[in-house]
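Visitor: Take a look at this one; I'll ask things after.
The values are calculated or read from the model by the stated rules, or taken from the named source; none is laboratory data. Since we're looking at a predicted model, the values are computed, not measured. A quick note on method: Cβ atoms are made from the backbone with ideal geometry, for glycine too, and the neighbour counts reach across all protein chains shown. Please note that ligands, DNA and RNA were not included when accessible areas were found on the heavy atoms of the full protein model with its side chains. Shrake-Rupley method; radii C 1.70, N 1.55, O 1.52, S 1.80 Å.
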Amino acid sequence: MASHAAMTLSERADELEERMAQELERIVTKSVLFNLADGKVEMESGPALQKKYPGKYMLMSADPRLPKMPDKPTLIDFFKNRFATTAHLLQSANLARKNGMSEKIVLACLLHDIGVASFIRADHGYWGAQLIEPYVDEEVSWAVRMHQALRFFPDESVGYAYPEAYVKYFGPDYQPEPHIVEEYKRAREHKWYMSARMICVNDLYSFDPNARVELEEFTDIIGRNFRQPKEGLGFDSSPSAHMWRTINWPTRFL
Ligand SMILES: [Fe+2]
Ligand SMILES: [Fe+2]
């Protein structure tokens, strides 16, 4: 093994991670997706893991390193314990409310980027829509899904320009892929086009980092417009329950 001084930063990070893993009662492992994000197409097998952590069982429930979730988690519990950042969501919802939008649109703004905040950036509009679909009005999840494509196309009728942030992030020559262009065209013809467009209009990019909006300001809107399952998100039998469960328990072995 390389001496500590000769180790690269990433080797040192791996070592630290392993040392922390050794201290856990159960074996916490990374799914392929987590390794893909590190540029590796690989996973550790069960036998290899048990060899590395002798005498231990695989983790099959909550990850002790993460904030504790109640047995019957609500959307608000996910906001507080599993969403890496909520300022953008809260500020967008706040702006939508200030702009006199309906509760449905305020909720759509509050939830529009939960895909990014809790799960994955790529295709976040689709993931976010799928997560909430069983629990909200169809118009809300449709709008969340379509904001993914609409973000890239201006609509002067409502004062929406191509985001300057995107020029900064993706370069001046970036062009949305054909499937996104097609999605935009379909959305444009849809009866709920303006609902998805309103997410873009209220999607705050250069928000004031000091402006604090509290989640509690939206408790009533969530209560009236999000059908919280009595078993807890992840433990009902909806088509997206498994997704909430995975976000709750992301390192279960199976
Ligand atoms: Fe978004
Ligand atoms: Fe956004």
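Visitor: Kindly indicate which of F235, F253, F170 is of a type in the set (F, W, Y) and surrounded by 16 or more Cβ atoms within 10 Å (Cβ to Cβ).
Guide: One residue alone meets the criteria, F235.
Visitor: Filter region 139-152 down to the residues that are open to solvent by 10 Å² or more (accessible area, probe 1.4 Å) and either under 29 Å from I76 (Cβ atoms) or of a type outside the set (A, V, I, L, M, F, W, C) (or both) and list them by number.
Guide: E139, W142, R145, M146, Q148
Visitor: Report whether or not D155 is open to solvent by 20 Å² or more (accessible area, probe 1.4 Å) and modelled with pLDDT of 95 or more.
Guide: no
Visitor: Does Y126 fit the bill of being open to solvent by 20 Å² or more (accessible area, probe 1.4 Å), modelled with pLDDT of 95 or more and within 13 Å of ligand 2 (Cβ to nearest atom)?
Guide: So Y126 does not fit the description; no.
Visitor: More than 12 Å from ligand 2 (Cβ to nearest atom), of a type in the set (F, W, Y) and open to solvent by 20 Å² or more (accessible area, probe 1.4 Å) - does that describe any residue in region 130-138?
Guide: No, region 130-138 has no match at all.
Visitor: Same structure again: Tell me, yes or no, whether region 97-111 has at least one residue that is over 17 Å from N202 (Cβ atoms), assigned to a helix (DSSP H, G or I), among the acidic types (D, E) and more than 15 Å from ligand 1 (Cβ to nearest atom).
Guide: Among the residues of region 97-111, not one is over 17 Å from N202 (Cβ atoms), assigned to a helix (DSSP H, G or I), among the acidic types (D, E) and more than 15 Å from ligand 1 (Cβ to nearest atom), which makes the answer no.
Visitor: Just wondering, is there one or more residues in region 125-147 that are of a type in the set (G, A, S), away from ligand 1 (no atom under 13 Å from the Cβ) and free of Cβ contacts under 8 Å to residues at least 40 places away in the same chain?
Guide: Yes, because at least one residue in region 125-147 is of a type in the set (G, A, S), away from ligand 1 (no atom under 13 Å from the Cβ) and free of Cβ contacts under 8 Å to residues at least 40 places away in the same chain.
Visitor: Which one of M243, M194, M198 is more than 30 Å from Y57 (Cβ to Cβ) and either under 22 Å from the mean Cα position of the chain (by Cα) or open to solvent by 80 Å² or more (accessible area, probe 1.4 Å) (or both)?
Guide: M198
Visitor: A further question follows. If I ask for residues that are open to solvent by 10 Å² or more (accessible area, probe 1.4 Å) and part of a loop (DSSP other than H, G, I, E, B), which ones from region 69-93 would you list?
Guide: Listed by number, the residues that qualify are M69, P70, D71, K72, T74, R82, F83, A84, T85, T86.
Visitor: Would you check if there is a residue in region 41-57 being modelled with pLDDT of 95 or more, touching a Gly at 6+ places or on another chain (Cβ under 7 Å) and either among the β-branched types (V, I, T) or open to solvent by 90 Å² or more (accessible area, probe 1.4 Å) (or both)?
Guide: No, region 41-57 contains no residue that is modelled with pLDDT of 95 or more, touching a Gly at 6+ places or on another chain (Cβ under 7 Å) and either among the β-branched types (V, I, T) or open to solvent by 90 Å² or more (accessible area, probe 1.4 Å) (or both).
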